[in-house]
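Worksheet: one structure, shown below.
The values are calculated or read from the model by the stated rules, or taken from the named source; none is laboratory data. On a predicted model such as this, the values are computed, not experimentally measured, just so you know. Glycine gets a Cβ as well: all are built from the backbone with ideal geometry, and neighbour counts include every protein chain shown. In case anyone asks, the SASA skips ligands and DNA or RNA and just uses the protein heavy atoms, side chains included. Shrake-Rupley method; radii C 1.70, N 1.55, O 1.52, S 1.80 Å.
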Amino acid sequence: MEFAGQVAVVTGGAQGIGRAVCEELQQRGARVVIWDNDQELAAKTAAELGTGSLAAPVDIADWSNVCAARDETLEAAGRIDILVNSAGVAGMNATVEDYPIEEFAKIVDINLLGTFHVNKAVVPTMRSAGYGRIVNVASIAGKEGNPNASAYSASKAGVIGLTKSLGKELAGQDIAVNCVTPAAARTRIFDQMSQEHIDYMLSKIPRNRFLEVAEAASMIAWLCSRDNSFTTGGVFDLSGGRATY
């Protein structure tokens, strides 16, 4: 899996799984562009990665903001070969009947509409180039539905459906669109969850531990590679055995 000469956009790349993906792709020769709403942390991460890595402040829930980031990236790097959409939020834990409508809408705006915005903005560039690899980071919650996390579960289920649809739309070209469904990894997203919910997630993982971000990055890197020349519209399990369908 070599990425020399390729440009990879990673949303949410300043930390967590996104940062691990940036490190993996950069070590294999890609030039990484971090799209993240934490401008200061994104710039710091890009500086630490070095070798031409860039950072652009992006609110993926804002369509015009995503388009501006795409144009800025093309101007600075000339191309976009790889897109990994890792940006997302967990939201609060509450039952459906107690879930605030505004909070539900916010989670869907970022996790689902944000993924749609980023895919929509980048696909024409890949289509023009005749090549591309897209990986959307969904969640095991999108397969199974976690109790007291309806907004997160629903938004990630939507990401899975979006990925399958787009993968079929682009199947006649050398543009692969896949998603991964991680179990929980111990990142800053845990700060948004109750301890009870964290304990619940761990109890459901047959491997009896949380996902390591480097493990996610390794699978995502293969999905981003030229070696992945056939699979598209796929859903790849990263749940430690919880749900392998």
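Among the residues of the stretch 56-82, those that are more than 15 Å from the chain's Cα centre (by Cα), of a type in the set (Asp, Glu) and over 18 Å from Gly5 (Cα atoms) comprise Asp62, Asp71, Glu72. Taking each residue of the stretch 79-90 that is over 18 Å from Ser53 (Cβ atoms) and looking for partners that are open to solvent by 10 Å² or more (accessible area, probe 1.4 Å) and at pLDDT below 95 with beta-carbon atoms closer than 7 Å, six or more apart or interchain, yields Val89/Gln192; Ala90/Ile189; Ala90/Gln192; Ala90/Met193.
Considering every residue within the stretch 157-164, establish whether at least one is of a type in the set (Gly, Ala, Ser) and buried (at least 18 other Cβ atoms within 10 Å of the Cβ).
Looking through the stretch 157-164, at least one residue is of a type in the set (Gly, Ala, Ser) and buried (at least 18 other Cβ atoms within 10 Å of the Cβ).
One line per residue, one yes/no per condition, for (1) closer than 21 Å to Ile17 by Cα; (2) touching a Cys at 6+ places or on another chain (Cβ under 8 Å); (3) assigned to a helix (DSSP H, G or I); (4) open to solvent by 50 Å² or more (accessible area, probe 1.4 Å):
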residue: Ala61; (1), (2), (3), (4): yes, no, no, no
residue: Glu72; (1), (2), (3), (4): no, no, yes, yes
residue: Glu75; (1), (2), (3), (4): no, no, yes, yes
residue: Glu97; (1), (2), (3), (4): no, no, yes, yes
residue: Ala105; (1), (2), (3), (4): no, no, yes, no
residue: Asp109; (1), (2), (3), (4): yes, no, yes, yes
residue: Val118; (1), (2), (3), (4): yes, no, yes, no
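Among the residues of the stretch 184-202, not a single one is within 19 Å of Gly88 (Cα to Cα), hydroxyl-bearing (Ser, Thr, Tyr), modelled with pLDDT of 95 or more and under 15 Å from the mean Cα position of the chain (by Cα).
Can you spot a residue in the stretch 173-189 that is of a type in the set (A, V, I, L, M), farther than 26 Å from Gln6 by Cα and out of contact with any Gly (no Cβ under 9 Å at 6 or more places or on another chain)? Yes, because at least one residue in the stretch 173-189 is of a type in the set (A, V, I, L, M), farther than 26 Å from Gln6 by Cα and out of contact with any Gly (no Cβ under 9 Å at 6 or more places or on another chain). Return yes when Leu170 is modelled with pLDDT under 95, hydrophobic (A, V, I, L, M, F, W, C) and either open to solvent by less than 20 Å² (accessible area, probe 1.4 Å) or within 23 Å of Ile107 (Cα to Cα) (or both) and no when it is not. No, not satisfied. Filtered by the rule that a residue be part of a helix (DSSP H, G or I) and touching a Cys at 6+ places or on another chain (Cβ under 9 Å), the stretch 40-59 gives Thr45, Ala46, Leu49. Scanning the stretch 8-55 for residues that are surrounded by fewer than 22 Cβ atoms within 10 Å (Cβ to Cβ) and either within 17 Å of the chain's Cα centre (by Cα) or β-branched (Val, Ile, Thr) (or both) yields Gln15, Gly16, Glu23, Gln26, Asn37, Asp38, Thr51. State the number of residues belonging to the stretch 173-223 that are part of a loop (DSSP other than H, G, I, E, B), polar (S, T, N, Q) and open to solvent by 70 Å² or more (accessible area, probe 1.4 Å). The qualifying residues number 1. Taken across the stretch 159-170, residues that are assigned to a loop (DSSP other than H, G, I, E, B), farther than 28 Å from Gln27 by Cα and either β-branched (Val, Ile, Thr) or touching a helix residue (DSSP H, G or I) at 6+ places or on another chain (Cβ under 8 Å) (or both) do occur, with at least one present.
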